[in-house]
Amino acid sequence: MFKPISSEQKGVKGFLAMTIDKSGRIGLNSGLRQELGFEGKTKLFIYFDERERKIGISKECSDSTIVPFNFDARGCCNSAKSFLKQNEFEFQNGAIQMLFEGVEDGIYGFRIKGQRPQVDLKQEKNGNITRL
C-alpha cells in the first residue's frame, strides 16, 4: 500500500552515515552528529578494521596514547587525509559513501556502500559449509 510523502520531508530520521569527499575529508551526516551529541567543535577517535576495511567513530578510546581527530561543528574532519591515503581509500575520483553497520564496544562502524562483508567459511568432509 502506498503512503503519501511530503516534499518538505528531509531525509530519513535517524539515518547514520559518513562520507569521504574527494579532498579526503571525513564528513558525518546530521543523524550521526545528533547520535554522538555534537555541540560545536568535537574531538573523536577514528578506528580502522584492516581486514574488513571498516571505519569506526567513537567519543572514547581506552588507549591514552591515541590522539583524537578534530571535527568542526558541521561534522567535517580535515586531518584524516593521510590515514585514508595510507589505507588506500580511493577518494580522489569522487566521494565514498559509508553506511552504518552497527555499534561494537561504543564504536560506530561504517562500511563502504556496495562493499560486501568478509565471510570466512569452512567446508566439512561431508560437504556442509559453515560460517566461522
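Details
- Accessible area per residue, Å², region 28-124 with all protein chains present, probe 1.4 Å: 66 Å²
- The apolar share of the surface of region 43-132, taken as the fraction of accessible area on carbon and sulfur atoms (1.4 Å probe, ligands and nucleic acids excluded), comes to 46 percent.
- A Förster radius of 41 Å, combined with the Cβ-Cβ distance separating ASN126 from GLU50, puts the computed FRET efficiency at roughly 0.75.
- Checking every one of the GluC sites (Glu not before Pro) in region 71-131 against DSSP loop status and a limit of 14 other Cβ atoms within 10 Å picks out GLU88, GLU90, GLU124.
- The stretch between SER62 and SER30 holds 8.9 nm of extra length on full extension. This uses 0.36 nm per residue minus the Cα-Cα distance.
- Packing-based ranking of 105-111, 61-67 yields 105-111, 61-67, ordered from highest to lowest mean Cβ neighbour count within 10 Å.
- With contacts taken as Cα pairs under 8 Å at a separation of at least 6 residues, region 56-126 carries a relative contact order of 29 percent.
- For region 30-57, backbone nitrogen atoms closer than 14 Å to the point 7 Å from ASP105 Cα along Cα-to-C-beta are found at 46-50, 56-57.
- When the C-alpha to C-alpha distance is required to be over 18 Å, the pairs from LYS59/LYS113; LYS54/LYS122; LYS22/LYS43; LYS54/LYS113 that qualify are LYS59/LYS113; LYS54/LYS122; LYS22/LYS43.
The values are calculated or read from the model by the stated rules, or taken from the named source; none is laboratory data. This one's a predicted model, so the numbers in the text were calculated from it and none came from an experiment. Heads up, the Cβs are rebuilt from the backbone with ideal geometry, glycines too, and the neighbour counts pull from every protein chain shown. For accessibility, only protein heavy atoms count, side chains too; no ligands or nucleic acids. Shrake-Rupley method; radii C 1.70, N 1.55, O 1.52, S 1.80 Å.
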